[in-house]
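What follows is a set of notes on a single structure, which appears directly below.
FYI, it's all coordinate maths here, none of it is from the lab. All figures in this text were calculated on a predicted structure; none of them were measured in a lab. Here the Cβ positions follow ideal geometry from the backbone for every residue, glycine too, while neighbour counts run over all protein chains shown.
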Amino acid sequence: MTQPEDRCVLAVDVGGTTIKGAVVDEDGRFRHSLVVPSQADDDPVKAVRSLCLRLRDDALALGVTPAAIGVVTPGIVDEVDGVVRYAANLRFRDVPLRALIGNDLGLPVAVGHDARAAGVAEAVAGAARGLDNFLLLPLGTGIAAAVVVHGMPVSGATASAGEVGHMPVYPGGEPCSCGQRGCLEVYASAGGLARRYARLGGTPGSDSRAIADAVATDPVARAVWDDATQALGTALATLTLTLDPARIVLGGGLADAGALFFDPVRDALRAALAWRNPPPVLRSAFGAQAAQVGAAVMARREAGLPVPDAWGAPELVPPVG
Ligand SMILES: [Zn+2]
């Protein structure tokens with residue numbers, strides 16, 4: 001029988017740009033990582049399957065035996081059936097990931113949604129540790145939320161809960177790729193911020209970090225930054241009134257800007273809530289690794305292994321407040 005110290009789980013985060021895989025040991029540490037482009041192959045499903053096989057072989061070469069694998073993707077993910085119903089960026093439609101990868105690897109497979117998995121990680125060992133009711137919004141290429149209620153990430157009636165990126169924040173505003181206008185992610189995702197900045201005459205090719213650095217001196221950067229934080233504050237007010245979360249956790253590139261970002265978001269949220277106090281708004285503890293840590297937690301649960309409190313906690317937990 002495999003001893004715990006010789007055991008691992010495999011964790012895979014499939015994104016629109018890259019597929020990230022990790023061998024995660026018994027203590028939640030990443031023993032080994034692999035990153036491949038998701039669009040290198042004509043067939044993105046094949047790219048995911050071959051990365052999973054490589055990851056298993058790498059684990060065995062390290063002398064650890066995988067107990068299960070967790071794979072998370074964006075889009076509409078049916079976690080019960082292990083099927084990705086639809087993921088536009090990945091060109092996935094009705095992909096039975098659990099069956100495919102289970103066949104390839106002969107391991108238990110957990111399939112999950114990337115933002116909900118990130119919420120799982122933050123609840124076990126991150127900025128929402130120990131909380132049963134909270135929201136996590138990674139502000140990346142787009143925006144999807146993990147909505148955790150009574151300790152469970154909510155997936156909704158059609159596995160598409162949490163798509164708050166398409167919440168209207170400026171009715172009749174700028175067009176969104178979804179076909180609507182004035183959506184949150186047009187203004188407050190890292191991708192949307194960069195697109196607006198370029199379109200309004202900002203320095204071409206600037207990412208959200210460069211825009212944050214320019215806020216103090218560049219009026220275009222200032223304007224798009226203010227729109228982003230105001231839009232997000234408005235959306236968080238709606239979510240707070242609907243769900244009454246104990247905490248809101250923000251991740252992604254914009255959250256890396258610290259007080260420049262969090263102060264106006266908190267102000268906008270407070271201003272939009274006339275009769276109640278806003279919940280604390282904190283930065284994600286796991287950052288870009290959150291979904292992968294969540295995939296590892298899901299894999300352990302799939303294998304029937306315990307997930308102790310603070311399992312996989314990052315070395316550097318950001319200050320609370
Ligand atoms: Zn939209």
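A few points about this structure:
- For A68, residues with placed amide H under 5 Å, excluding near neighbours: L10
- Positive minus negative residues near G173 (Lys, Arg vs Asp, Glu; Cβ under 11 Å): 0
- Extension gain, S160 back to K46 (0.36 nm per residue minus Cα-Cα distance, nm): 38.6 nm
- Working note: Karplus 6.51/-1.76/1.60 with θ = phi - 60° gives the range 158-172 the couplings 10, 6, 10, 5, x, 7, 6, x, 9, 6, x, 10, 10, x, x Hz, where Gly and Pro are set to x.
- DSSP bridge orientation in the chain - percent antiparallel, rounded to nearest 5: 60 percent
- For the range 133-283, the average shadow cast by the Cα convex hull is 8.8 nm², which is a quarter of the hull's surface.
- Residue order, fewest to most beta carbons within 10 Å, for S160, S208, S38: S160, S38, S208
- Value of D in µm² per second that Stokes-Einstein yields for the range 201-321, Kirkwood Rh from Cα pairs, at 20 °C (1.002 mPa s): 131 µm²/s
- When you restrict to C-alpha pairs under 8 Å that are six or more residues apart and normalise by the size of the range 133-283, the relative contact order lands at 23 percent.
- Close amide H contacts of F92 (hydrogens built in the peptide plane, cut-off under 5 Å, sequence separation of 5 or more or a different chain): A87.
- Radius ratio Rg over Rh of the range 52-162, counting only Cα atoms, Kirkwood formula for Rh: 1.00
- Karplus (6.51, -1.76, 1.60) ³J(HN,Hα), θ = phi - 60°, over the range 304-313, in Hz, Gly and Pro reported as x: x, 8, x, 10, x, 3, 6, 4, x, 4
- For the chain, the normalised intensity computed at q = 0.13 Å⁻¹ comes to -0.93 (log10 of I(q)/I(0), Debye sum over alpha carbons, equal scatterers, no solvent).
- For V80 and S33, a Förster radius of 25 Å and the Cβ-Cβ distance give a FRET efficiency of 0.30, rounded to the nearest 0.05.
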